[in-house]
Structure formats: structure tokens, C-alpha cells
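> To start, I am sharing the structure in question, which I have written as C-alpha cells.
The values are calculated or read from the model by the stated rules, or taken from the named source; none is laboratory data. This one's a predicted model, so the numbers in the text were calculated from it and none came from an experiment. Cβ atoms come from the backbone with ideal geometry, glycine included; neighbour counts cover every protein chain shown. The protein model used for the area step is the full one, side chains on, heavy atoms only, and it has no ligands, DNA or RNA in it. Shrake-Rupley method; radii C 1.70, N 1.55, O 1.52, S 1.80 Å.
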Amino acid sequence: MDLAAFFEPHSIAIVGASRKEGSLGRVFFDSLLKYHYSGKVYPVNPKAPDIDGVPCFASVGELPEVPDVAVILVRKDLAIEAVKECGEQGIKNIIMITAGFREVGGEGIKREKQLMKVVRRYDMKMIGPNCMGIINTHPAVSMNASFSPTEPYVGNVAFVSQSGALGVAVLEMCKALRLGFSIFVSEGNKADLADSDFLEYLENHEETTVVTLYQESIEEAERFRKIAASLSRRKPVIAVKAGRSQSGAKAASSHTGALASSDLATEALFKQCGILRAESIEELFELSLAFSNQPIPSGSRLAVITNAGGPAILATDAIERNGLQMASLSAKTRGSLRGFLPEEAAVHNPVDMIASANEQTYRDTLKVVMKDDGVDAILIIIVRPPVNTTPRMIAEGFKELLAQGSQKPLFVVLMAQHDESCGLEIFQELKLPVYAYPESAARSIATMIKYKEWKSKPAGKVRKFKVDKGSLLQIFEAAAADRREYLRTSEIQAILGAYEFPLPFSRIVQSKEEAVEIFRSLGKPLVLKVESDDIIHKSDIGGVRVNLNSPEAIGQAFDEIMANSLRVTGGERIVGVLVQEMISGGREVALGMNRDPNYGPMIMFGMGGIFIEVFKDVSFRIAPLTDRDATEMVREIREYPVLEGIRGEKAVDFDLLTDTIQRVSQLALDWPQIIEMDLNPFVISPQSENCKIVDARIRIRF
Ligand code: ADP
Ligand code: MG
């Protein structure tokens, strides 16, 4: 989407600009002027001749040109009319600051619908309503069309925020951290333009090298996913998604399908499109600092140089905890350091220059360590020096050394109150990201490397399986006509069969004699299960008997199953007994699908059996799944090593497993009637002929 007219407008009309000090109409007008906006500003206000000497217009109809953007600040009962007038004049881009729409519920929801009608009728684009505006710091534009009293530093981080107030607070905090912005957007209610539109625009926005997002909701998940995935391949996208906590309760639900809650869906979606999820606004800053200032380290070996021992130990711990390594310094490096560091100093990694280190010591040490081939990145720890020097002087001391840039990514941990003597602006000038704690620095570096790994892997493909859908629609229609939520085994078998899922031999019988006959002709141990619409969890009521190896055992099992079933339902409700071949010697895994109203089919993978509900060792992705998604899902669970084979066992048939996961994805996309699916257990082993889905539940919507 081309939003250049919004972000690089030649002229802006402010409908509702005001002379009154302290009013929104005034603050907005003032910020635009104060930030030296390069285009023309047209205040529109029928009651004022001018604002601060800038002539006012009585209506948008009287403007000398059609402005690129109209900002609407009037009262909510006048707002829609104002947009209509803009439409009549041919204005195509609206920033609706006015609040009192969907966010207030009731009347507001209606008002927003009316507003959108007008926007569509005139083929306009709109940011908001209920937003704080937008900023573009590019010197050629220099536009602060927002309420933000803070004028951000020019930089390369774009920030798209669903919350206006938070956005403004963030700009303020970033100023303190000296983090520069390219674009800021407060999205408000996202009635028209939403995240996807802005992300799409930012993909080709040259000044932006890092994209950050604060989200409370995600619209049009499928489009968002496509756009975000494509953007992530070019620039890191860092998001804080609020609304995590709900998930706790949902995830605790005992049904496997309900293990999928919306936050898990968000998590899955982010993974699939490479979005780096920040746990907090603080982490969002930290990551932005790292990505916007330093290149991604080419490896994970870190060197630490410090003037104090304690923080260096903390750093070492944090580095290893985050999956990074402490580099081992070469003999040459250690020798050179020995040449000028005091005797008490440590010349292995971490390099402890001790408290007497001054700006020369830092510079010389950095210079030596930078040359070590065994080091991929350097963490410079500065604890406020007791004597000799200040952090500012240390930063000054780096200037010459870093004049041509650094061969290695550098990160600074500055453990001191950020006052004048810290010289933050000098660190900023040198593009050195400054962290308050070693843990945050290590976390950011680890995320950079994770991002690089994500990008380096091929995007993955969605496989298309050939399916004979023949009579499947009738199955769904028949079940819906009967108002049956859960499909019958015969129906499930027809569906899964059409998608070529690996199924065991199964047949429904009415007598033990039939079962024994199957046993004789198959020559394999059997499993017997009750088949009834009333019994969803069969083993709970004693409706399953496994590993039946003789006619006697089969006969007895048949009788027991019938007797147990008759205790919970009437004889006429029992369709028969399902006879299956026994699949032994494998591991039980579970595949599931739960249709999320917002995100679409969430596919689940985990170890099967009862423990799934206790340990929740499961992974999720949203359909359509790529082959890469399926592989990652399998590798992600904690019990993955069990599937790889322990104590000399062979690995299970992973190709068949990931193939089957992708079939679940296609089945779910083909049939929106299916709202939940549970293939549990799927018995898998090293031999493909021994991998079968022995139980399946499909729940439909009607
Ligand atoms: P439900 O989930 O309704 O209780 P299942 O069909 O899943 O019934 O059977 C319960 C358990 O019995 C399964 O989790 C599995 O451990 C075992 N089982 C069922 N069918 C087979 C089979 N064909 N081969 C091997 N084990 C089976
Ligand atoms: Mg089961």
C-alpha cells in the first residue's frame, strides 16, 4: 500500500485547529509548526481569522488547493460531516484524531460504521479514529502531526502503535535513551488502515531499517502474516503484543483442542512470519537499540571487557543462559593485553582491566580484542570509574578507533546513573547501543542471532496434496442434518482416507464371531472399541480393549465392552464394536486442530496420551503450514529427543510425521465446517508401515 501521501504530504489541512491555548486543536497546530514541517499548513476554523499569524480558512472548500492530508480534530458529532466535506473537495487522506467511536461501545460503534461508509464512498484512506497522529522525522519532511510534545530524534526505527498514549510515552522514553525514529504512527481504532497497511508501506521505506509494533489486536491475520513475513526477510520486526494473561486460564483447560488459546495463536503466527516478540516495552527498546545501531554478529562468540569483576560474571552467566558463548581469546591477544594491563588484570575472557582502567586502557584493550578472529562480538562493561576517568571520556576515547567503524559488533553496558558525565550522546554518535544491565545486552544479542538464523533458512513451501473430495460434502451435510457435533468413525475414516492419512485396518462388527474371523484372517493382535454417538471418550467408560491375541480374549473383550457401554447408553445407541489391528511398539503423538475465530485453523502437535494435558508439551502453527513449519513444530517440543531415539533406538519416521501434519493443515483449510480435530494417538515408529492414526475425533459446526 502506498501511504506516501500520509507520510510525505506537501500540504496538511487541520480541521478544528484552534487559537485556544491548551486545546487539542492548538497543541496539534503548534507541534506541526514547531517541528518545522516542510509543507504547507492550512488551519480550518470558521471562527478564527488566523492562528498565531497563520491565516485560517472557514471550510475545506475555501482552501487554495486540495491538501494531501486532512487532520480532523472536531467534536465527535461534527466529525463525520467534516470527513464528508473533505470527500467533496477531493481530499483522499484523513487522520481522524477525534475519539468517541468503537472504543466507547454502543452509539460509538454505529458512528464508526457511518464514518467508514463516508470514507469508502469518497474512496479515501483513514488513520484512526481515536488516534494521536503520525510523525515523519526525515529532514525533508519534518512532520510532527501528532500530540507528542516530544520531538523524536531522527533515526531508522519505525514505531506503529495501537495505543496512542503509550506511543507518546514511548517517544519520550526513547528520547532519554537517544533512540532515533523514522516514522511513528498511532493507529487508534484501526477502522480503515491497520498494521498490515503500515508494514507494507515500511517494507520499501528506505529510512526505516527496524520496524517496531505495539499491538492489542491483529486484524486480517492471513494478510498480516504474508506482509509481515515478507517484511521480516528484509528488516527485523519487533512486536509487543498485549493481552497475554488470558491464555493461562485457557491453556489449563483439559481438552487438547482448547490448549490453543489466542495468545498461543499469536505466538505461532509471530514465529511463522519471523516477528521477534518482545516481552515488554523495555525489551522492545533494547532490541531496537541493538538492531538499529549494530550489524548482526556473524557468530555467537562474545568477548567481555570490563573494569569490574562482578558484572563480568553476571555477563558470563547471561551470555551462556541466552545460548551464546564466551569466546576464548588467542594467545596472541592475551600476550598483547599482558603487555599493557596491570598485573592484577585478567587477560582471558572476560578481560578484567580492574578499577584503575581509564579511557586509554579501554581503547587499547578494545583495539586488541577487536583483532581476535575467535571473537564475533564484544560487550564493553563500564562500571562508573572511581577515579581517573568518566564514561564520557571513555566514549570520547573510542572516537578515533571507531572512526572507520568497527570490524565487530559492539555493545556497551553502562552501570552508572545516566547523568552528564556519562556522555550518552557520544555513545549514540558512535552508534554504540548502551544497556543498563549485562542481561539485557546478552538477550538482545541472542535475539539478533536468532533473527539471522530465521532469515537464513528457506521460507518453506505449502505442499498441495491431491485429494478426491468425491462424497465428502455429503458426510458433513448428513451430520449437520442429524445435528451431530461429532462425526462417526465411518465418516472420519472416509474423510481421513480421502486425504491419505495413514490408517490401521478397521471394521465395525456386530458380534464377537465377526471379530474372531477378522483375527483369523488378519493374523495380528486386535483392538476392540465401542462405537456410539453417545461415547466420545471411549476408554473412560471401559470401551477399549487392546492387544487381544486369541479368540477367547476377543470374545471376552467384546462382552466387557458391551456391558460397560450399556451402563452409559441404550443398546439402540450402540452402532457396534470397532475392530482395529493393534499397532504396537511405537511412540504415541497427537495432532490437533482448533479453529481460532481470528487466526484460522491452529494446528497442534505434541506427545500423545494423557500427559499432554499435564505437561502441555505441544507446539502450534497456523494453517496453511509450510514444510518448514511442520518440521519446526516437531523439533520444538521438549520431548523431541525421544522421537529421535534414545539409547540406540532408531528415530521415528519424521518424513511421514511432517507429511501428516501438513495434511491436517490442508484438511482444515478445505473444510471450514470442521472446528476441531483430534488425531490422538498417532502411533509412530521408525518403519512407515507401523505408523498409524488409531483414534480420531472431528467436531463440526452446523
Ligand atoms: P479414546 O481416546 O476414545 O479413549 P482410543 O481409541 O484413543 O480411545 O484408545 C485408547 C488408547 O488405546 C489409545 O490412546 C492407545 O494407547 C490405545 N489404542 C487404541 N487403538 C489402538 C491400536 N489400534 N493400536 C494400538 N493401541 C491402540
Ligand atoms: Mg484417543
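> Give the residue that is nearest to the chain's Cα centre (by Cα), with candidates limited to residues of region 25-60 that are assigned to a loop (DSSP other than H, G, I, E, B) and polar (S, T, N, Q).
So the first thing to find is which residues in region 25-60 are assigned to a loop (DSSP other than H, G, I, E, B), and the list is 35-39, 45-49, 52-53, 56, 58-59.
When the remaining residues are screened for being polar (S, T, N, Q), the result is 38, 45, 59.
Details: Ser38: 36, Asn45: 44, Ser59: 44 Å.
Result: Ser38.
> Is it the case that some residue within region 44-56 is crowded, with 23+ Cβ neighbours inside 10 Å and in contact with a Gly (Cβ under 8 Å, 6 or more places away or on another chain)? Walk me through how you get there before you give the answer.
From region 44-56, those crowded, with 23+ Cβ neighbours inside 10 Å are 44; that's our starting set.
Filter once more, so that each one left must be in contact with a Gly (Cβ under 8 Å, 6 or more places away or on another chain): 44.
Yes, region 44-56 has at least one match.
> Still on this structure, please answer the following. Quick check on my filter: what residues within region 434-450 are assigned to a helix (DSSP H, G or I) and either surrounded by 22 or more Cβ atoms within 10 Å (Cβ to Cβ) or not hydroxyl-bearing (Ser, Thr, Tyr) (or both)?
Here is the first cut: in region 434-450, the residues assigned to a helix (DSSP H, G or I) are 438-450.
Hits for region 434-450 are Pro438, Glu439, Ala441, Ala442, Arg443, Ser444, Ile445, Ala446, Thr447, Met448, Ile449, Lys450.
> Among the residues of region 403-433, write down those that are open to solvent by 20 Å² or more (accessible area, probe 1.4 Å), under 26 Å from Gln325 (Cα atoms) and modelled with pLDDT of 90 or more.
Once the filter is applied, which keeps residues that are open to solvent by 20 Å² or more (accessible area, probe 1.4 Å), under 26 Å from Gln325 (Cα atoms) and modelled with pLDDT of 90 or more, region 403-433 yields Lys408, Met415, Leu430, Lys431.
> Can I ask one more? Checking the structure you have, find out if any residue of region 650-667 is touching a strand residue (DSSP E or B) at 6+ places or on another chain (Cβ under 6 Å) and closer than 28 Å to Ala481 by Cα.
yes
> Tell me which residues, restricted to region 382-393, are basic (Lys, Arg) and in a loop (DSSP other than H, G, I, E, B). If you could, list the steps in order and put the result at the bottom.
Here is the first cut: in region 382-393, the ones basic (Lys, Arg) are 384, 392.
Across region 382-393, the qualifying residue is only Arg384.
> Return yes or no: is Met582 within 16 Å of ligand 1 (Cβ to nearest atom) and either touching a strand residue (DSSP E or B) at 6+ places or on another chain (Cβ under 8 Å) or at pLDDT 95 or above (or both)?
Values: within 16 Å of ligand 1 (Cβ to nearest atom): yes; either touching a strand residue (DSSP E or B) at 6+ places or on another chain (Cβ under 8 Å) or at pLDDT 95 or above (or both): yes.
In short, yes.
> Spot the failing condition for Tyr486; the list is (1) away from ligand 2 (no atom under 16 Å from the Cβ); (2) hydroxyl-bearing (Ser, Thr, Tyr); (3) open to solvent by 20 Å² or more (accessible area, probe 1.4 Å), and only one is missed.
The number of the failed condition is (1).
> Residues of region 273-325 being acidic (Asp, Glu) and surrounded by 22 or more Cβ atoms within 10 Å (Cβ to Cβ), which ones?
Glu286
> Go through region 560-579 and count every residue that is open to solvent by 60 Å² or more (accessible area, probe 1.4 Å) and more than 15 Å from ligand 1 (Cβ to nearest atom).
4
> Which residue out of Phe476, Phe398 is at pLDDT 95 or above, open to solvent by less than 80 Å² (accessible area, probe 1.4 Å), touching a Lys or Arg at 6+ places or on another chain (Cβ under 7 Å) and not β-branched (Val, Ile, Thr)?
Numbers: Phe476 fails: touching a Lys or Arg at 6+ places or on another chain (Cβ under 7 Å).
One residue alone meets the criteria, Phe398.
> Quick test of your reading of the structure: Val614 fulfils all but one of (1) without any contact (Cβ under 8 Å) to a residue 40 or more places away in the chain; (2) buried (at least 23 other Cβ atoms within 10 Å of the Cβ); (3) within 16 Å of ligand 1 (Cβ to nearest atom). Name the failing condition by number.
That leaves (2) as the condition not met.
> Right, something else. Please state which one of Glu517, Glu500 is in a helix (DSSP H, G or I) and either within 30 Å of Pro297 (Cα to Cα) or of a type outside the set (Gly, Ala, Ser) (or both).
On the way: Glu500 fails: in a helix (DSSP H, G or I).
Only one candidate qualifies: Glu517.
> I want to confirm something. Restricting to region 326-346 and keeping residues that are open to solvent by 90 Å² or more (accessible area, probe 1.4 Å) and within 43 Å of the chain's Cα centre (by Cα), which single residue is nearest to Ala446 (Cα to Cα)? Quick ask: steps written out before the conclusion?
Looking only at region 326-346, we keep the residues that are open to solvent by 90 Å² or more (accessible area, probe 1.4 Å), and these are 328, 332, 334, 338, 343-344.
Within this subset, residues satisfying the condition of being within 43 Å of the chain's Cα centre (by Cα) are 328, 334.
On the way: Ser328: 18, Arg334: 26 Å.
For region 326-346, the residue satisfying everything is Ser328.
> Can you name every residue in region 425-471 that is of a type in the set (Phe, Trp, Tyr) and under 30 Å from Glu400 (Cβ atoms)? Please lay out each step first, then the result.
Looking only at region 425-471, we keep the residues that are of a type in the set (Phe, Trp, Tyr), and these are 427, 435, 437, 451, 454, 465.
Matches in region 425-471: Phe427, Tyr435, Tyr437.
> I've got another one for you. Taking the condition away from ligand 1 (no atom under 13 Å from the Cβ) and surrounded by 15 or more Cβ atoms within 10 Å (Cβ to Cβ), does Ile554 pass? Give the steps one after another, and end with the answer.
Numbers: away from ligand 1 (no atom under 13 Å from the Cβ): yes; surrounded by 15 or more Cβ atoms within 10 Å (Cβ to Cβ): yes.
Criteria met by Ile554.
> Something else about it: Within region 133-168, track down each residue that is part of a loop (DSSP other than H, G, I, E, B) and either more than 19 Å from Thr98 (Cβ to Cβ) or modelled with pLDDT of 95 or more (or both). Quick ask: steps written out before the conclusion?
So in region 133-168, the residues part of a loop (DSSP other than H, G, I, E, B) come out as 137-142, 147-153, 162-163.
Of everything in region 133-168, those that are part of a loop (DSSP other than H, G, I, E, B) and either more than 19 Å from Thr98 (Cβ to Cβ) or modelled with pLDDT of 95 or more (or both) turn out to be Thr137, His138, Pro139, Ala140, Val141, Ser142, Pro149, Thr150, Glu151, Pro152, Tyr153.
> Sticking with this structure for a sec: Among the residues of region 169-179, write down those that are open to solvent by 10 Å² or more (accessible area, probe 1.4 Å) and assigned to a loop (DSSP other than H, G, I, E, B).
Here is the first cut: in region 169-179, the residues open to solvent by 10 Å² or more (accessible area, probe 1.4 Å) are 169, 172-173, 175-178.
Hit for region 169-179 is Arg178, nothing else.
> Tell me, which helices (runs of 4 or more DSSP H) lie completely within region 284-381 with 3 or more residues that are in contact (Cβ under 8 Å) with a residue 60 or more places away in the chain? Spell out how you get there, then give the answer.
Numbers: elements: 309-321, 331-340, 359-370.
Helices (runs of 4 or more DSSP H) meeting the threshold: 309-321, 359-370.
> Okay, moving on. Restricting region 502-557 to residues that are touching a residue at least 12 places away in the same chain (Cβ under 8 Å), within 16 Å of ligand 2 (Cβ to nearest atom) and small (Gly, Ala, Ser), which is nearest to Leu657 (Cα to Cα)?
Ser506
> Does Arg507 qualify as being farther than 30 Å from Lys226 by Cα, open to solvent by 70 Å² or more (accessible area, probe 1.4 Å) and part of a loop (DSSP other than H, G, I, E, B)? Spell out the reasoning first.
Details: farther than 30 Å from Lys226 by Cα: yes; open to solvent by 70 Å² or more (accessible area, probe 1.4 Å): yes; part of a loop (DSSP other than H, G, I, E, B): no.
No, not satisfied.
> Scan Ser521, Ser506, Ser490 and give me the residue that is modelled with pLDDT of 95 or more and within 15 Å of ligand 1 (Cβ to nearest atom).
On the way: Ser521 fails: within 15 Å of ligand 1 (Cβ to nearest atom); Ser490 fails: modelled with pLDDT of 95 or more.
Unique residue meeting the criteria: Ser506.
> On to the next question. Give the residue that is farthest from Leu487 (Cα to Cα), with candidates limited to residues of region 668-682 that are within 16 Å of ligand 2 (Cβ to nearest atom) and open to solvent by less than 10 Å² (accessible area, probe 1.4 Å).
Step one: of region 668-682, the residues within 16 Å of ligand 2 (Cβ to nearest atom) are 676-682.
Filter again for open to solvent by less than 10 Å² (accessible area, probe 1.4 Å), leaving 677, 679, 682.
Numbers: Met677: 10, Leu679: 13, Phe682: 18 Å.
So the residue we want is Phe682.
> Under the condition of being under 31 Å from the mean Cα position of the chain (by Cα) and within 16 Å of ligand 2 (Cβ to nearest atom), which residue from region 685-702 is surrounded by the most Cβ atoms within 10 Å (Cβ to Cβ)? Before the answer, list the steps.
To start, the set of residues in region 685-702 that are under 31 Å from the mean Cα position of the chain (by Cα) comprises 696-701.
Still in the running and within 16 Å of ligand 2 (Cβ to nearest atom): 696-699.
Working: Ala696: 20, Arg697: 18, Ile698: 25, Arg699: 19.
Among those residues, the one meeting the criterion is Ile698.
> Do we find a residue being more than 28 Å from Pro525 (Cβ to Cβ), away from ligand 1 (no atom under 16 Å from the Cβ) and modelled with pLDDT of 95 or more anywhere in region 683-693?
Taking region 683-693 first, the residues more than 28 Å from Pro525 (Cβ to Cβ) are none.
Checking region 683-693: not a single residue is more than 28 Å from Pro525 (Cβ to Cβ), away from ligand 1 (no atom under 16 Å from the Cβ) and modelled with pLDDT of 95 or more.
> A further question on this structure: If I ask for residues that are under 15 Å from Glu8 (Cα atoms) and either touching a helix residue (DSSP H, G or I) at 6+ places or on another chain (Cβ under 9 Å) or β-branched (Val, Ile, Thr) (or both), which ones from region 127-153 would you list?
Ile127, Gly133, Ile134, Ile135, Asn136, Thr137, His138, Val141, Met143, Asn144, Ala145, Ser146
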